[in-house]
Amino acid sequence: MRYAESLLTDGSPAVIGHNRDYVVGSNETLMEIAVKTGVGFDNLCRANPDSDPWHPQVGSRLILPLAFLPPDDLITGITINLAEMRLYLVWSEDGQRRIRAYPLGIGRDGWETPPGDFRVTRILRHPSWTPPPSLRKEKPDLPAVIPPGPDNPLGEFWIGTSAPGIGLHGTNQPFGVGRRVSHGCLRLYPRDIRDLVTRVKPGMPLRILNQPVKISVRASNLYLESHAPPLNPEPLPATVPMDRMDIHRAILAARGIPLRFSIQN
């Protein structure tokens, strides 16, 4: 299974899932590899900063970023971390809480997806798409309504939310997953939206947050996952004895993969 998934218990590991290797074939780009392997494009690029996104070396080995630290303020339901362009679903099954992660495409500059606490309102299969007036003003050739089918940018499913004008949906343009290219809505790969709707129902809580740096302290180790330098000062607990320079470099590198540091005694 390509999904990063785990049980959530008091003894859950700090890092959920496992990164995997991928050997680049001929005439492959990182965008094509992202779609093929089901990871987000930006996540794949960050995890492999020395690889040319459009001309990776044939035979080189990539890291598929399938491991993660859960974000702070994780809820039972859907939690979306805009900074890492990833959706977390927490649900109960057979008396146990589970967590699963999916890559997302999110709003581009000027169409940012809003943070906050919301809920799922409805689920539609084979939705039609009505472009908003603001988008039709930007692209006047758009029709008033696009019916279900291969030309519909919403894909096979639409999950409506209480966030004004914002929904989760599939896509007929999978190369946009893991990028900031939408007009505020949240895109998933077709396979992922099909999986997600089997566990989502109206009324489910939805939290959208923006946490660029995630940290977890377990025993004598500190785990860090950085997707962008934070705007506030370094989010490292002052009581943890660490080499601050190593942590600072890891945050600035923003590779988006969990890193482990030994806590000094």
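The values are calculated or read from the model by the stated rules, or taken from the named source; none is laboratory data. Because the structure is predicted, anything quoted here is derived from the model rather than measured. All Cβ positions, even for glycine, are placed from backbone atoms using ideal geometry, and neighbour counts span all protein chains on display. Areas reflect the complete protein model, heavy atoms only, side chains present, ligands, DNA and RNA absent. Shrake-Rupley method; radii C 1.70, N 1.55, O 1.52, S 1.80 Å.
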Legend entry - For the range 69-124, the fraction of alpha-carbon pairs in successive 5 Å shells from zero, as %: 4, 15, 26, 25, 18, 8, 3, 1, 0
Legend entry - Heavy-atom surface of the range 142-192, accessible at 1.4 Å and reported per residue (Å²): 39 Å²
Inset, instruction - Could you run the Debye sum over the Cα atoms of the range 51-153, one equal point scatterer each and no solvent, and tell me log10 of I(q)/I(0) at q = 0.12, 0.14, 0.21, 0.22 Å⁻¹, two decimals? - result: -0.70, -0.90, -1.20, -1.23
Inset, instruction - May I ask for the net charge around E225, where only other residues with Cβ less than 11 Å from the Cβ of E225 are counted and Lys, Arg are +1 while Asp, Glu are -1? - result: +4
Legend entry - Pairwise FRET efficiency - S26 versus L74, Cβ, R0 = 35 Å, nearest 0.05: 0.30
Legend entry - Phi to ³J(HN,Hα) by Karplus 6.51 cos²θ - 1.76 cosθ + 1.60 over the range 87-96, Hz, x for Gly, Pro: 10, 10, 10, 10, 9, 9, 8, 6, x, 10
Legend entry - Distribution of pairwise C-alpha distances over the range 52-94, 10 Å bins, in %: 20, 36, 23, 17, 4
Legend entry - Pairwise centroid distance, computed over Cα atoms, of the range 9-40 with the range 246-265, Å: 20 Å
Inset, instruction - Place a +1 charge on the Cβ of each Lys and Arg in the chain and a -1 charge on the Cβ of each Asp and Glu, then give the dipole magnitude about the Cα centre in debye, rounded to the nearest 20. - result: 460 debye
Legend entry - Computed E for T198/S220 - FRET, C-beta separation, R0 35 angstrom, nearest 0.05: 0.30
Inset, instruction - With a/c under 1.5 counting as rounded, go ahead and sort the range 1-124 into rounded, prolate or oblate using the C-alpha gyration tensor (a ≥ b ≥ c being the square roots of the eigenvalues; past the cut-off, prolate if a/b is larger than b/c, else oblate). - result: oblate
Legend entry - Span per principal axis, largest first, for the Cα atoms of the chain (Å): 64, 46, 37
Inset, instruction - List the equivalent ellipsoid semi-axes of the range 140-226 in whole Å, largest first, each obtained as the square root of 5λ for an eigenvalue λ of the Cα gyration tensor. - result: 31, 16, 13
Inset, instruction - For D246 paired with V181, estimate the spin-label separation in nm (one decimal), with each label point 7 Å from Cα along the Cα-to-Cβ line. - result: 3.8 nm
